[in-house]
Amino acid sequence: MNPTAIVPSPILLWRFKVFLFILWGLFCCKIGWDSVMRMSVDLRDLFLYEAFLYYNPLLLVTMMVWFWGINLWVFSQSNINHAKIFELDQNHLTHREIWKCATWMTIVVPTSMTAYLYLYSHGEVSLAASQPVLLYVAVVMILVFPFEIFYLSSRYFLLRTLWRIVFPLQAITFADFFVADILTSMSKVFSDLERSVCRMIHRQVATIAWFEADSVCGSHSVAIPVVLVLPYLFRLFQCLRQYKDTGEKTTLLNALKYSTAVPVIFLSALKYHVFPDRWTNFYRPLWLLSSVLNSSYSFYWDVKRDWDLSTFTRIFKFNRPHFFSHLLYGRKWVYIWVLGSNLILRCTWTYKLSAHLRHNYLTVFTITALEIFRRFQWIFFRVENEWNKMNSKTNIQITSSNLPTEEDKLLNSSNHSV
């Protein structure tokens, strides 16, 4: 008798992987906590601020990847063909592959952060300083690796889209401005990346040499507002390019929306470069006014332009019965939640854009994470709206092609006389 191979069931294997994933997370939390507790009270807060600066951008990107996987899962369960909307090839990543990438990111980034905390707390400063540097280098290498591994076609599509966003020299596709909109929600990520790379270049990692606010990599650096405003400028230039190609005046109104973020960012940064009385009496009221204008305009555009709330959304109507479809499809509370949370988070997002309010890094991290969650919600309605537009155009074209021409009417008429 031939012995049969014992293969564990997929569910059992999945549960075992989840158990190892949670166990590793608890292990990292324990090592990280013990490492932080070894430091003196005076050094602890400064060190955590620095460690958070290096790792919170990648943690937020990881969060966005998890959310994008959920978006794709919902699209796959409903009748929305996202591959057609984004003009993806047949090798595009599914939600399972996106979640696989997010899982590895969730393992690698906290592991590097734990190693950084452990090595620094045990006196291995040079080894600790190398941890975020190696992680950043590894991320860049994976993105630009030119061989057929790590989803080459998807990486190439992402890099090409980013290139088209930075240099809008061609017609703007849906994928171009869709990714650019997501980048505006991650402007804080790019700001922290700039400061992290700055400290790595100036060899200030695992030191407090950067603590002087007026230093080249300090919190008063001019580069901070410049990097914060770049995603909005990219999106603004895309709108101007669309107006050049299509002549639609709504694209100019959309460009105006992104321009309202510019005074919010730069008026806030002026606090560190003008006299306190001048800031309190003149620039601060202007900053508050520009913040209200930006939040109100952005909320209006989300509801009236980016989304179609004239009927109940069908994106949560799955092809097969499902708990989440029953919970979300056709429910009024979904609209109330989306509108209310979008309005509130549009207002709190101003906190992140303002450099003079960024001292509490945990508060800023939380607000940035909530903005990414708001964008995650926005994606459902924005993609569904685009899908409805595509179907409407297709139906109009089909109807137009089936209408008889004047020549066909004359030839088929039986009442004509010669």
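The values are calculated or read from the model by the stated rules, or taken from the named source; none is laboratory data. Here the structure is a predicted model, which is why all the values come from computation and not from measurement. Note: ideal-geometry Cβ built from the backbone for every residue, glycine included; neighbour counts use all protein chains shown. Accessible surface areas use protein heavy atoms only, side chains included; no ligands, DNA or RNA. Shrake-Rupley method; radii C 1.70, N 1.55, O 1.52, S 1.80 Å.
Are there any GluC sites (Glu not before Pro) in segment 164-267 that are in a DSSP loop and have at most 15 other Cβ atoms within 10 Å? List them by number.
Sites meeting the loop and neighbour criteria: E212, E248.
State the extension gain, in nm to one decimal, for the chain segment bounded by N79 and L159, taking 0.36 nm per residue of separation less the distance between their alpha-carbons.
Length gained between N79 and L159: 26.0 nm.
Anything over 23 Å Cα to Cα? Flag those among K249/K389; K188/K257; K84/K249, in the order listed.
Where the Cα-Cα span goes over 23 Å, the pairs concerned are K84/K249.
With every protein chain left in place and a probe of 1.4 Å, what is the accessible surface of M141, to the nearest 10 Å²?
100 Å²
Could you tally the net charge around S325, taking each other residue with its Cβ under 13 Å from the Cβ of S325, Lys/Arg +1 and Asp/Glu -1?
Around S325, the charge tally is +4.
Efficiency by 1/(1 + (r/R0)^6): what FRET value for V139 and H92, r their Cβ-Cβ distance, R0 = 22 Å, to the nearest 0.05?
Using R0 = 22 Å, I get an efficiency of 0.55.
Are there cysteines in the chain with no other Cys C-beta under 4.7 Å, and if so, which?
For the chain, the answer is C28, C29, C101, C239, C347, because their Cβ atoms have no other cysteine Cβ under 4.7 Å.
Between F27 and T173, what is the label-to-label distance in nm when each label sits 7 Å out along the Cα-to-Cβ direction?
Rounded to a tenth, the inter-label distance reads 4.2 nm.
Between C347 and R44, what's the calculated FRET efficiency when r is the beta-carbon distance and R0 is 41 Å? Round to 0.05.
Step by step, r from the Cβ atoms, then E = 0.80.
May I ask for the angle, rounded to the nearest 10°, between helix 361-402 and the longest principal axis of the chain, with both axes built from Cα atoms and the value confined to 0 to 90°?
Relative to the chain, helix 361-402 is tipped by roughly 10 degrees.
Could you tally the net charge around V205, taking each other residue with its Cβ under 10 Å from the Cβ of V205, Lys/Arg +1 and Asp/Glu -1?
With Lys, Arg at +1 and Asp, Glu at -1, the neighbours total +1.
Label segment 39-98 by shape, choosing from rounded, prolate and oblate, from the square roots a ≥ b ≥ c of the eigenvalues of the Cα gyration tensor; if a/c is under 1.5 it is rounded, and otherwise prolate applies when a/b is larger than b/c, oblate when it is not.
prolate
Taking only C-alpha pairs under 8 Å that are 6+ residues apart, what is the relative contact order of the chain in percent?
Across the chain, relative contact order equals 17 percent.
Per DSSP H run of at least 4 residues, take -39500 (n - 2.57); add these up for the chain, divide by its residues and hand me the 222 nm value, nearest 500 deg cm²/dmol.
Value at 222 nm, helices only: -24000 deg cm²/dmol.
If the viscosity is 1.567 mPa s and the temperature 4 °C, what Stokes-Einstein diffusion coefficient in µm²/s follows for segment 157-245 when Rh is the Kirkwood radius over Cα pairs?
Answer from the Stokes-Einstein relation: 90 µm²/s.
Sorted by accessible area with a 1.4 angstrom probe, largest first, how do H92, H202 fall?
Descending order: H202, H92.
For helix 95-121, what angle does its Cα long axis make with the longest principal axis of the chain, in degrees from 0 to 90 and rounded to 10?
10 degrees
Counting only protein chains, not ligands or nucleic acids, how are T103, T368, T246 ordered by accessible area (probe 1.4 Å), most first?
Result of the area sort, largest leading: T246, T103, T368.
Where in segment 242-266 is the amide nitrogen less than 17 Å from a point lying 7 Å along the Cα-to-Cβ axis of L286?
Those under the cut-off are 259-266.
Classify segment 1-134 from the C-alpha gyration tensor, please: rounded if a/c falls under 1.5, else prolate or oblate depending on whether a/b exceeds b/c.
Oblate.
List the chymotrypsin sites (Phe, Trp or Tyr not before Pro) within segment 140-178 that DSSP assigns to loop and that have no more than 11 neighbouring Cβ atoms inside 10 Å.
F147
Please give the per residue accessible area of the chain, computed with a probe of 1.4 Å over protein heavy atoms only, in Å².
The answer is 57 Å² per residue.
What is the extension gain from R278 to S259, computed as 0.36 nm multiplied by their sequence separation minus the C-alpha to C-alpha distance, in nm to one decimal?
Separation in residues times 0.36 nm, less the Cα-Cα distance, equals 4.4 nm.
With r as the distance between the Cβ atoms of K249 and I107 and R0 = 45 Å, compute the FRET efficiency 1/(1 + (r/R0)^6) and round to 0.05.
0.40
Going by the alpha-carbon gyration tensor, a ≥ b ≥ c the square roots of its eigenvalues, is the chain rounded (a/c under 1.5) or, if a/c is not under 1.5, prolate (a/b greater than b/c) versus oblate?
oblate
For segment 137-218, what is the relative contact order in percent, using Cα pairs closer than 8 Å and at least 6 residues apart in sequence?
It rounds to 14 percent for segment 137-218.
For segment 213-319, count all C-alpha to C-alpha pairs, find those more than 18 Å apart, and express that count as a whole percent of the total.
Beyond 18 Å sits 63 percent of the P(r) for segment 213-319.
I need the GluC sites (Glu not before Pro) found in segment 85-191, filtered to DSSP loop residues with at most 10 other beta carbons within 10 Å of theirs.
Answer in residue order: E148.
Tell me the angle of helix 284-301 to the major Cα principal axis of the chain, expressed in degrees between 0 and 90 and rounded to the nearest ten.
Value to nearest ten degrees: 40.
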